1. Just the residues that are more than 12 Å from the ligand (Cβ to nearest atom) and part of a loop (DSSP other than H, G, I, E, B), please, taken from the stretch 245-277.
2. So which residues in the stretch 87-110 are within 30 Å of LEU289 (Cα to Cα), touching a residue at least 12 places away in the same chain (Cβ under 8 Å) and either in a helix (DSSP H, G or I) or out of contact with any helix residue (DSSP H, G or I) (no Cβ under 7 Å at 6 or more places or on another chain) (or both)?
3. Take residues that are within 30 Å of the chain's Cα centre (by Cα) and tell me which of the helices (runs of 4 or more DSSP H) falling wholly in the stretch 355-455 contain 2 or more.
4. Kindly provide the set of residues from the stretch 165-182 that are at pLDDT 95 or above and either among the hydrophobic types (A, V, I, L, M, F, W, C) or part of a strand (DSSP E or B) (or both), ordered by number.
5. For the stretch 1-35, name all the residues that are open to solvent by 30 Å² or more (accessible area, probe 1.4 Å) and not polar (S, T, N, Q).
6. In the stretch 36-63, how many residues are of a type outside the set (S, T, N, Q), surrounded by fewer than 18 Cβ atoms within 10 Å (Cβ to Cβ) and in a loop (DSSP other than H, G, I, E, B)?
7. Residues being among the aliphatic types (A, V, I, L, M) and near the ligand (Cβ under 10 Å from one of its atoms): count how many of those fall in the stretch 157-181.
8. Filter the stretch 116-135 for residues that are free of Cβ contacts under 8 Å to residues at least 40 places away in the same chain and in a loop (DSSP other than H, G, I, E, B) and give the result.
Amino acid sequence: MTLEAVLKEIGPIRMIGVLGMGYVGIPAAALFADVPQYEKVYGFQRDSPSSGYKIAMLNRGESPLKGEEPGLEELLQKVTAAQKFACTADFSKIAELDAVTLSIQTPFLNKEDLLPDFSALMEGVKNVGYYLKPGMLVVLESTVTPGTTIGIARELLEKESGLTAGVDFALAHAPERVMVGRLLRNIREHDRIVGGIDEASTRRATELYSPVLTLGKVIPMSSTAAEVTKTAENTFRDLQIAAINELALYCEAMGINVYDVRTGIDSLKGEGITRAMLWPGAGVGGHCLTKDTYHLERGVQQLGKGTLDYPANEPSLYVLARHINDFMPTHMFRLTKDALQRAGIPLKGAKVALLGWAFLSNSDDTRNTPAEPYRDLLIHEGAVVSVHDPYVAEYPGVAMVPFVEEAIENADAIVIFAGHHQYLTLKPVEVKQLSAKEHPVIVDGRNLIDPDIYIHEGFVYKGIGRGDKNNHAIRTP
Ligand code: SAJ
């Protein structure tokens, strides 16, 4: 019997399971539960010491996610009250389901070798395999190395169940594209990449996701193409940022203003003309752009099996882009060191106010923040670093100061790392008074301030891409 026939016998999807009650799984489960033709959705969560508390919270219709998620709490209340959603640690309920999705995180094992830790995801896959029944659909939503769905995930499911993917059960990859703060909207409105290991799996996964989409539409493809789409969409964003970061370094070396050049290039308009100019900055953080390039690289190495024509044994364009973006905190360190030298202040013992610890402007997200390697470089050279961030109260091993004035007080250098709105309101005269220095240093990593008004007050200014200002005459007001 073909998979198509098995699925026909099962009939339309009614019972759904979501493994991984995190910022991807929770909104996904709530949205599935809100679809009239879906009878019941189970959210599976291990009753572990660190996250078992989510089970009771979710069953009360409360969201365990921090930060504002418009509409999520109301939706959870609605679907739990209607008994269409329940959170459970009883994985045996998987045996009752028609479709199961896995949204389990795949972080790096460690920053050095950039290898992903698939252990939690594969434990989830094993659980599904153990209870797998003919006619079920299994969908991986986690970001994985291309080749994972058709490779280790399929093998593990088949080994645990004794069933055959593409014959007895359907298997697909449908990568999540959500951003915290707009989880429900992203799932409903973004187009959904749906990649089955075969046509029947793609069709079954399309059936699962279509009722959830409002503005978005399903874009069907193979599971490996879906894995490449997800990792490459972030690789390309990282590449665009690296392109403008490299140009910023060129402009500094040539003594010109990168923002003049950016405006000039961006002015090129017309049918099909685009230059996708993003913004140079102090570095690239987060959990998407810092790792997805390496997922893509591993995918082509493993799946390409030596047939990749270029590059053969040297870093790819995309890995070079990662290296440029990862260099930016070092560049910020060099700008700080050069400016202190100009101000006649030794780096050793200098007090540096580091403004902005989050990896993203006006966010509390600190994952892989570029501010951390910058701070490490300063501390290694004997500087004293005072860190402030209006959205981040604490971070392991870093003493955050609660008020920006406290960070700036008696500082030899003030360094802007994240473009938080609060820093737009800094007043040069006040900053200088607080620093109690004749020529304090100001380094702008996010093009937040107007160099001229700080130079006018006697600051020694440096800015990313500001080759036109970085060697200005030091003014004594
Ligand atoms: N950054 C720059 N210059 C830019 C844009 C960003 O230096 O022009 C830096 C940011 O400061 C930050 C890092 O890059 O440190 C990442 O910024 P981001 O805006 O890409 O934010 P992320 O990492 O949250 O990226 C997510 C991704 N979305 C998903 O994975 C679903 C990415 O694909 C989206 O394009 C991005 O959000 C977005 O556009 O919102």
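1. GLY255, ILE256, SER267, LEU268, LYS269, GLY270, GLU271, GLY272, ILE273, THR274, ARG275
2. Within the stretch 87-110, PRO107, PHE108 meet the criteria.
3. Ranges flagged: 371-380, 404-408.
4. ALA165, VAL167, PHE169, ALA170, LEU171, ALA172, HIS173, ALA174 - these are the residues of the stretch 165-182 that are at pLDDT 95 or above and either among the hydrophobic types (A, V, I, L, M, F, W, C) or part of a strand (DSSP E or B) (or both).
5. Within the stretch 1-35, the subset open to solvent by 30 Å² or more (accessible area, probe 1.4 Å) is 1-2, 4-5, 8-10, 12, 14-15, 23, 34.
Across the stretch 1-35, the qualifying residues are MET1, GLU4, ALA5, LYS8, GLU9, ILE10, PRO12, ARG14, MET15, TYR23, ASP34.
6. 8
7. Initial filter on the stretch 157-181 (among the aliphatic types (A, V, I, L, M)): 157, 163, 165, 167, 170-172, 174, 178-180.
Now restrict to residues that are near the ligand (Cβ under 10 Å from one of its atoms): 178-180.
Going through the stretch 157-181 one residue at a time, the tally reaches 3.
8. Across the stretch 116-135, the qualifying residues are ASP117, PHE118, LEU132, LYS133.
The values are calculated or read from the model by the stated rules, or taken from the named source; none is laboratory data. Please read all numbers here as calculations on a predicted model, not as lab measurements. Methodologically, a virtual Cβ is constructed for each residue, glycine included, from the backbone with ideal geometry; neighbour enumeration extends over all protein chains shown. Quick note on the areas: whole protein, heavy atoms, side chains included, nothing else; ligands and nucleic acids left out. Shrake-Rupley method; radii C 1.70, N 1.55, O 1.52, S 1.80 Å.
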